[in-house]
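A short worksheet on the structure shown next.
The values are calculated or read from the model by the stated rules, or taken from the named source; none is laboratory data. Just so it is clear, the model here is predicted, and its values are computed rather than measured. Please note: Cβ atoms are built from the backbone with ideal geometry, for glycine as well, and neighbour counts cover all protein chains shown. Side chains included, ligands, DNA and RNA excluded: accessible areas come from the protein's heavy atoms. Shrake-Rupley method; radii C 1.70, N 1.55, O 1.52, S 1.80 Å.
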Amino acid sequence: MTLENFIGILEESTGVGWTFAIWDLLFLSVLLIIGILLRSKVKFFQKWLIPDALLAGLLGLILGKYVLGTLTQNTLYIPFSEGLAYYPYHLLNICFCSIPLGAAEISWRKIKKGGLSTGLCISFTQMGQVAFGVGIALIFIFLLGFEVSPLIGTLFMFGYGTGPGQAYAIGNVYENLGLFVGGKEIGLAFGSLGYVFAFLGGIPLMMWGIRNGHTAHIRSLDEIPEYVKTGLIRDERDRGVAGRYTSATEAIDTLSMQIALVLFTYIISILVYLAIWSILPKGASIYLCGFLYMICVMVGMIFRVILDKTGRRYILDSQTQARIQGVTTDLIVVSAIAAISIPMVWRYFTPFITIAILGGFFTLLISVWLHKRIFSDHQFERLMFNYGAHTGTAMSGLALMRVVDPEFKSSAPADYTMGMPLALVCQFVIASIGGVVISMAKTAFWPPILYFLIAIVFTIFLWHLWPVFGFWKRYKPFWSLWPKD
């Protein structure tokens with residue numbers, strides 16, 4: 001098999017491109033520098049802890065062809081390539097390859113302690129997002145007479161629950177099946193707006209938790225360090241260690257080795273993905289491209305366990321792996337927002353923005369309601385992490401959690417990794433069923449309704465698994481978002 005054939009198979013199965021333009025990275029770097037300067041100087045951005053990458057992405061959208069290009073009649077704008085929308089997909093997969101490599105411990109004990117409940121939380125929230133998104137779409141169709149596919153509700157889940165790249169890939173599948181014109185652009189837009197909601201919803205939530213004493217490590221807003229607000233660490237005493245050497249620089253730089261290990265994991269994950277894709281029936285594999293990041297986590301966990309068992313854990317450095325995760329997340333945010341197609345979003349603007357906003361509040365409320373009931377320790381810190389992960393990515397959750405848990409005393413990030421196997425099994429089942437249903441579609445209408453009903457049934461099933469595993473706490477009253485102990 002030639003490389004061209006191999007890339008062709010990947011592009012067919014995932015719906016995204018696998019070749020890129022170096023100029024995109026150069027432009028994104030310039031935007032990130034401007035975002036850094038804006039955060040360090042503007043008090044409003046500091047008060048709301050707006051990430052530099054989010055500012056950079058919004059600036060890229062404004063200076064791109066759909067805003068500045070339109071105003072200047074395409075004579076002046078940042079000339080991003082058409083492949084800019086592909087970056088979030090690959091970068092998220094790479095990020096999730098790195099997460100298990102940088103984890104403190106991979107063990108069955110950790111999975112049982114918090115991983116199982118976290119895995120149920122991931123699946124339950126995502127299935128709830130599907131049901132909510134499709135339900136709102138059906139209201140627009142039946143009651144308001146809008147011409148839009150109910151599949152827009154599933155793209156909401158993929159955008160918020162998995163990421164903009166994965167939503168783009170699923171939207172492209174819908175387009176190829178003739179079920180949703182503009183699906184990939186809407187999926188990317190949902191994912192981008194999810195990052196915005198992660199912080200516009202997460203920061204007020206964080207302030208509420210601090211003021212009401214729900215945080216274990218930060219008791220007042222005044223305790224948030226100044227460098228967290230400005231984004232730049234000026235004092236030498238506040239500077240932590242970004243990484244440690246695990247190799248002799250005369251042989252190879254440690255960063256080079258860490259990146260090579262992550263990309264090696266990604267290649268193996270791609271091969272595993274293609275093996276599964278080739279075995280599954282065509283219909284059942286429709287949604288598989290949206291869960292490549294979970295396969296990356298599983299392969300990364302297996303690779304990590306092999307290194308642990310063979311006594312070669314020393315070649316990994318957790319802090320350097322954390323930097324790799326941070327870099328990929330920043331590039332995901334700025335590229336996803338800058339690549340939004342404004343004309344296509346405008347075409348579906350009313351149902352899109354309604355589902356995005358109401359769905360964001362739904363995710364916020366269900367996250368707050370769940371966490372006191374399904375975890376026994378560090379409930380608010382876990383809430384901040386998981387809410388960020390269910391609207392942006394794991395790194396969004398990490399950024400929010402870091403403010404209220406600067407010393408990482410909670411195990412939320414580790415439990416998120418440990419919960420991925422269970423989440424992958426649950427998602428694989430519902431995605432396979434949903435893929436078969438959608439592939440049978442001759443129209444874009446009735447199959448999504450059936451998928452909507454299946455999502456509701458599966459959500460109820462997941463609900464009942466918490467008591468089975470012994471995690472559920474029967475706080476009353478039922479409607480209390482954050483019941484007292």
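Points worth noting:
- Proximal aspartates and glutamates to Lys43, defined as alpha-carbon separation beneath 12 angstrom and excluding residues fewer than eight positions away on the same chain: Glu226
- Rounded to two decimals, the Cα-based Rg/Rh of region 81-129, with Kirkwood Rh, is 1.14.
- Tail fraction, Cα-Cα pairs, region 112-156, threshold 17 Å, whole percent: 43
- Helices assigned as whole DSSP H runs in the chain whose Cα atoms extend at least 27 Å along their own long axis and whose mean Kyte-Doolittle hydropathy is 0.0 or higher are found at 22-41, 116-142, 183-211, 254-279, 318-338, 349-374, 412-439.
- The chain: C-alpha pair distances exceeding 29 Å, %: 48
- Whole-Å distance, taken between Cα centres, linking region 263-326 and region 230-247: 29
- Dmax and Rg, reported as Rg then Dmax, of region 235-318 (C-alpha, Å): 17.3, 58
- Dividing the summed -39500 (n - 2.57) terms of all DSSP H runs of n ≥ 4 by the residue count of the chain sets its mean residue ellipticity at 222 nm at -21500 deg cm²/dmol.
- Relative frequency of Cα-Cα separations exceeding 16 Å in region 358-423, percent: 43
- Over 30 Å apart at the Cα level, from the set Lys113/Lys309; Lys113/Lys484; Lys47/Lys112; Lys409/Lys473; Lys112/Lys476; Lys113/Lys476, are Lys47/Lys112.
- Packing, as the average of other Cβ atoms within 10 Å across residues, places the peptides 379-386, 424-431 in the order 379-386, 424-431, highest first.
- Residues within the reach of a label modelled at Trp472 (point 7 angstrom out along Cα to beta-carbon, backbone nitrogen below 15 Å), restricted to region 365-391, are 370-375.
- Reciprocal of mean inverse Cα separation for region 316-458 (Kirkwood radius, Å): 17.9
- Set the Cα radius of gyration of region 187-293 against 2.2 N^0.38 Å, with N its number of residues, and you get 1.68.
- Taken along the Cα-to-beta-carbon direction at a fixed 7 Å, the label points for Arg234 and Lys484 span 4.3 nm.
- For the chain, relative contact order (Cα pairs under 8 Å, six or more residues apart, normalised by length) works out to 27 percent.
- Computed over region 1-148, Kirkwood Rh from alpha-carbon pairs, angstrom: 20.0
- Listed peptides 93-101, 64-72 by packing density, highest first (mean Cβ within 10 Å): 93-101, 64-72
- Sparse-neighbour loop sites [chymotrypsin sites (Phe, Trp or Tyr not before Pro); region 159-265; at most 16 other C-beta within 10 Å; DSSP]: Tyr245
- Annotation: aspartates and glutamates with alpha-carbon distance below 13 angstrom to Lys282 (same-chain offsets under eight excluded): Glu12.
- Relative contact order for region 372-411, counting Cα pairs under 8 Å that sit 6 or more residues apart, in percent: 36
- Only Cα sites of region 164-237 enter the Debye sum here, all with the same form factor; the resulting log10 I(q)/I(0) across q = 0.16, 0.18, 0.23, 0.28 1/Å is -0.72, -0.77, -0.96, -1.12, listed in q order.
- Take the Cα radius of gyration of region 33-98 and divide it by 2.2 N^0.38 Å, N being the number of residues; the result is 1.36.
- Mean Cβ neighbour count within 10 Å, used as a protection proxy, ranking 149-156, 321-328 highest first: 149-156, 321-328
- Relative intensity of region 1-80 on a log10 scale, I(q)/I(0) at q = 0.12, 0.19 Å⁻¹, equals -0.53, -0.87, per a Debye sum over C-alpha point scatterers of equal strength in the absence of solvent.
- Per residue solvent-accessible surface (Å²) - the chain, probe of 1.4 Å: 43
- Just the protein heavy atoms count here, and of the accessible area of the chain at 1.4 Å, carbon and sulfur take up 67 percent.
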